[in-house]
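Peer 1: My questions will all concern the structure given below.
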Amino acid sequence: MKKIILSFFIVASLFFNLRADEGMWIPMLLQNNEQEMQEMGMNITVEDIYSINHSSMKDAVVLFDGGCTGEIVSDQGLLLTNHHCGFDWIQYHSTVEHDYLTHGFWAMSKEEELPCPGISAVMLKSMEDVTERVLEGVTKETSNDERAEIVTANIKRIKEEAEANSDYQVIIKSFYHGNKYYMIYNEVFKDVRMVGAPPSNIGKFGGDTDNWVWPRHTGDFSVFRIYVSPDGKAADYSEDNVPYTPNYHFPISLKGADEGDFTFVFGYPARTNEYLPAVAVNQEANIIYPISVDLRGKILDIYNKYQEKDPKVRIQYASKHAGLGNGWKKWMGVIEGINNFKGIQKKKNFDRKFTEWALESRQRGAYLNLIKDFEKLYAEYEPYRLATTYLSETALQIEILTFAANFKGLSQVTKDTPQEEIDELIAEAKAATSVFFKDYHQPIDEEVAAMVLQEYINNQPQDFRPELLNTIVEKYDNVQAYVDELFAKTMFTSQENVNKFLDEFKPSKAKKLAKDPALMAYNNVMDFYINNVRAKTIELGNQIADMQRVFMRGQMEYHADQNPDKMMYPDANFTLRVTYGKIGGFKPKDAVTYKHFTTLDGIMQKENPDIYDYVVTDRLRELYEAKDYGRYADKDGSMHVAFIAGNHTTGGNSGSPILNADGHLLGLNFDRTWEGTMSDLIYDPSICRNISVDIRYVLFIIDKYAGASYLIDEMTIIE
Ligand code: ARG
Ligand code: GLU
């Protein structure tokens, strides 16, 4: 008896842990979570979070610029997001005279706020379940191909009908891998202006060195404002537009939070894959990621070598380095996490239990061979995944090739091509040329080219090698000899030659362009991909998706049958979600414990004027030395900078509001800890943590550091 009670207790507590932190929930369906959220400490109701009848928190959350989350913090449409989310706009508005990246930017009045052409902020107005309508006409007998056709046609029709009756943007998205469909109405704001950004040595403090890592000290925020037409509607940019009056804006808490306190995060997670079979997780984590990690590591070593030597190169390659380095570091964390957590073994155990369960009843026939079929299909898929990975992580990392790709259209011009079309192609090529050479360092590209081509040759079997690789092997002494010739003969290494060529372009020159070795190399690898890899990749991908749809349905039935209390959340798909968890540190490995918050003291400990990522400005040091934190200090007297909690977040959650038990803003989510990045595939509450910048540090920088206290006056502050 004792044993039974004990094991029940273990199971129950395990279960509780899982439910407490894991999950990205659809706000419309949050009623199911309300009791648990309140038991964990939440003081509000889910109706306060999401309501279609009256204003609620959802009216203050937006999908920011297509890839991040933002939240509204004043009744005049003031919006907060991460520095790394606003980065492109800060860079866009920066010039040598006004270098906002380096020095920061603060509009001192609304007139000084900067328009951002092409930006968007998307706000969900409502959503509804349209599964039945989307699957109308689909029966048990319908084949997968027919099903896809029916679903596409139904979605098109339903969407058109809805659009005819609404001013809002309408989208229909698949949830639970094609088992559910929701229609979402969005308001799309296009006049969003840049209001403020801290200098990069605050907004990006720690840079790529600290990226994905705890303890962290990044002031990762920037400030924007939504404008609407004078009648209050979302509109394109116009001087006549006025600040947006939202239905809701988040009050800001200056009280901070303690270990164990309830929090929730509201935002737009992009993609997770929590319901894959073991074979798929293994392919991702143990076959594909290690290749990308290895190749990117080698490229980053080359970048580093040149960046360390020359400050100009450091700036030129900063953004490229950040882009490659972000995935590189994250995937290393995924690989390690999955292996430490025995993730594949856990998945295998589940696959086995699932199959045994399927055996128990004739009605579960559809699930019986799923795991075996997955194994066959993924084995067939593997060489194609590898081919795509090698192409994108090797040949397409040669900058001169992807630059040459911008000239493909011009190389196909004939004497019959209309002049307007030619002019357009020339204009596009010119724009690409100025962007390219601003940040191009040829010695890096040459070294990368030799390295990646050698890797490509070494690691892809004959039948997955583009002709280019065979030519190199057969006609050149070695890869270096080919690379030397490529860079000696192509015109794409000289901005002057490229511009001259464009200025003098006539259709008769197209042939010569098509023979440029860089463009030829690009065409060769891409043609190979298009002719030999792409179609099969799509075909197998679709088969896998069809099987995953059945597996997902099976898993929902399995849990309904085996542990009916378990709620199942759909994988992330760039729709609005709520996740909740408690503030708390963790133990990344034996003998190591992490605390749940960092302070300004940590910034001063990391300070190093010789290392770009750790430069601290005099102004910040003065404020630190004077301990001039005003009302933004914690009750312990220090300035808190960042904190971690057990919220299930992923890419796209950057900039998301992290809220306390009363729904007041505590900070902005901006990262996860490296040890827990496997949470996109398997969630482990003991090590998965999201990282947020403390809102008090954000306000301290705005107010004390930048002197933009008029922005604070707009906000609703809870002391
Ligand atoms: N790791 C975060 C994310 O996935 C932040 C990336 C930007 N920061 C950086 N230092 N590169 O997007
Ligand atoms: N930095 C990520 C983003 O830009 C969030 C980190 C994560 O993947 O959780 O969305």
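The values are calculated or read from the model by the stated rules, or taken from the named source; none is laboratory data. Keep in mind that this is a model prediction, so the values were computed, not measured. Positions of Cβ are backbone-derived with ideal geometry, glycine not excepted, and every protein chain shown enters the neighbour counts. The accessibility values were calculated without ligands, DNA or RNA, using every heavy atom of the protein model including side chains. Shrake-Rupley method; radii C 1.70, N 1.55, O 1.52, S 1.80 Å.
Peer 1: What's the local net charge at Ile184, with K and R +1, D and E -1, over the other residues with C-beta under 10 Å away?
Peer 2: Here the charged neighbours net out to +1.
Peer 1: Stretch Asp88-Ser166 to full length: gain in nm at 0.36 nm per residue minus the Cα-Cα span?
Peer 2: 24.9 nm
Peer 1: Same structure, new question: Can you tell me the length gained on complete extension of the stretch Asp477 to Gln562, counting 0.36 nm per residue apart and subtracting the Cα distance?
Peer 2: Extra length available between Asp477 and Gln562 comes to 24.2 nm.
Peer 1: Considering only protein heavy atoms and a 1.4 Å probe, what is the carbon-and-sulfur percentage of the accessible area of the stretch 115-241?
Peer 2: Here carbon and sulfur together make up 47 percent of the probe-accessible area.
Peer 1: I've got another one for you. Over all directions, average the projected area of the Cα convex hull of the stretch 328-411 and note it in nm².
Peer 2: 9.2
Peer 1: On average, how much area does the Cα convex hull of the stretch 561-613 cover when viewed from any direction, in nm²?
Peer 2: Over all viewing directions, the stretch 561-613 projects a mean Cα-hull area of 8.5 nm².
Peer 1: Taking each pair of different alpha-carbon atoms in the stretch 11-125 once, compute 1/r for the pair, average those values, and report the inverse of that mean as the Kirkwood hydrodynamic radius in Å to one decimal.
Peer 2: 17.4 Å is the Kirkwood radius here.
Peer 1: Return P(r) of the stretch 458-512 (all Cα-Cα pairs; 5 Å bins starting at 0; whole %; ordered from short to long distances).
Peer 2: Taking every Cα pair in the stretch 458-512, the percentages come to 4, 15, 18, 16, 13, 13, 12, 6, 1.
Peer 1: Let me check I have the definition right: for the stretch 355-499, take the eigenvalues of the Cα gyration tensor, multiply each by 5, take square roots. What are those semi-axes in whole Å, largest first?
Peer 2: Rounded to whole Å, the semi-axes are 43, 23, 14.
Peer 1: Let me ask something else about it. Relative to the present Cα-Cα distance, how much length would full extension add between Glu39 and Met108 at 0.36 nm per residue of separation?
Peer 2: Net length gain for the segment: 20.4 nm.
Peer 1: Separate question: With a 1.4 Å probe and all protein chains kept in place, how much accessible area does Lys589 have, in Å² rounded to the nearest 10?
Peer 2: Roughly 140 Å² of Lys589 is accessible to a 1.4 Å probe.
Peer 1: Pick out, in residue order, every one of the GluC sites (Glu not before Pro) in the stretch 62-122 that is DSSP loop and has at most 11 other C-beta atoms within 10 Å; say none if there are none.
Peer 2: Sparse-neighbourhood loop GluC sites (Glu not before Pro): Glu97.
Peer 1: Here's another thing I want to ask about it. Give me log10 I(q)/I(0) at q = 0.23 Å⁻¹ for the stretch 216-315, Debye formula, one equal scatterer per alpha-carbon, no solvent.
Peer 2: -1.27
Peer 1: Taking a cut-off of 24 Å between Cα atoms, list the lysines near Lys475, but don't count ones fewer than 8 places away on the same chain.
Peer 2: Lys489, Lys511, Lys512, Lys515
Peer 1: Taking a probe of 1.4 Å, how large is the accessible area per residue of the chain, in Å²?
Peer 2: With all protein chains present, the chain gives 44 Å² per residue.
Peer 1: According to the Cα gyration tensor, what semi-axes, each the square root of 5 times an eigenvalue, does the equivalent ellipsoid of the stretch 627-695 have, listed from largest to smallest in whole Å?
Peer 2: Each semi-axis is the square root of five times an eigenvalue, giving 26, 12, 10 Å.
Peer 1: Here's something else I'd like to know. From zero up to wherever the largest Cα-Cα distance of the stretch 24-63 sits, split into 5 Å bins and tell me the percent of pairs in each.
Peer 2: Computed distribution, short to long bins: 6, 24, 30, 25, 12, 3.
Peer 1: Which ³J(HN,Hα) values, rounded to whole Hz and listed in residue order, are derived for the stretch 581-596 from phi using the Karplus coefficients 6.51, -1.76 and 1.60 in 6.51 cos²θ - 1.76 cosθ + 1.60 with θ = phi - 60°, glycine and proline given as x?
Peer 2: x, 9, 5, x, x, 7, 10, x, 7, 3, 6, 10, 10, 9, 6, 8
Peer 1: Where q = 0.13, 0.15, 0.21, 0.23 Å⁻¹, what log10 of I(q)/I(0) comes from the Debye formula for the stretch 512-642, counting one point per Cα?
Peer 2: -0.89, -0.92, -1.31, -1.33
Peer 1: Then there's this: Under a point spin-label approximation (7 Å from Cα along Cα-to-Cβ), what is the Glu146-Lys376 distance to one decimal in nm?
Peer 2: The answer from the label model is 2.2 nm.
Peer 1: Please compute the Kirkwood hydrodynamic radius over the stretch 574-719, one decimal place, Å, based on all pairs of different Cα atoms.
Peer 2: This gives a value of 16.7 Å.
Peer 1: Which whole-number percent gives the relative contact order of the chain, counting Cα pairs below 8 Å spaced six or more residues apart?
Peer 2: Computed value for the chain: 24 percent relative contact order.
Peer 1: Net charge near Ile287, counting Lys/Arg +1 and Asp/Glu -1 over other residues with Cβ under 11 Å of its Cβ?
Peer 2: Net charge around Ile287: -1.
Peer 1: Then there is this: Please list 580-588, 157-165 highest first by mean number of surrounding beta-carbon atoms within 10 Å per residue.
Peer 2: 580-588, 157-165
Peer 1: Still on this model: With r defined as the distance between the Cβ atoms of Ala235 and Lys173 and R0 fixed at 22 Å, what FRET efficiency is calculated, to the nearest 0.05?
Peer 2: Step by step, r from the Cβ atoms, then E = 0.30.
Peer 1: Same structure, new question: Between Glu622 and Ile52, what FRET efficiency comes out of the Förster formula 1/(1 + (r/R0)^6) with R0 = 60 Å and r the beta carbon distance, rounded to 0.05?
Peer 2: 0.75
Peer 1: Per the Kirkwood formula on distinct C-alpha pairs, the Rh of the chain is how many angstrom?
Peer 2: This gives a value of 28.0 Å.
Peer 1: Keeping to pairs on different chains or 8 or more places apart, tell me how many lysine pairs in the stretch 245-368 have Cα atoms under 27 Å apart.
Peer 2: 24
Peer 1: Give the long-range amide H neighbours of Ala235: residues separated by 5 or more places, or on another chain, with amide H under 5 Å away, using H modelled in the peptide plane at 1.01 Å from N.
Peer 2: Here the answer is Lys190, Asp191, Ser229, since their amide H atoms fall under 5 Å of that of Ala235.
Peer 1: Enumerate by residue number the chymotrypsin sites (Phe, Trp or Tyr not before Pro) in the stretch 356-451 meeting two conditions: DSSP loop (anything except H, G, I, E, B), and at most 12 other Cβ atoms within 10 Å of the site's Cβ.
Peer 2: none
Peer 1: Can you tally the net charge around Lys582? Count Lys and Arg as +1, Asp and Glu as -1, for every other residue whose Cβ sits under 9 Å from the Cβ of Lys582.
Peer 2: Once positives and negatives cancel, what remains is -3.
Peer 1: Here's another thing I want to ask about it. Which helices of the chain meet both criteria: a Cα extent of 18 Å or more along the helical axis and a mean Kyte-Doolittle score no lower than -0.5, with helices taken as whole DSSP H segments?
Peer 2: 2-21, 318-340, 419-438, 442-459
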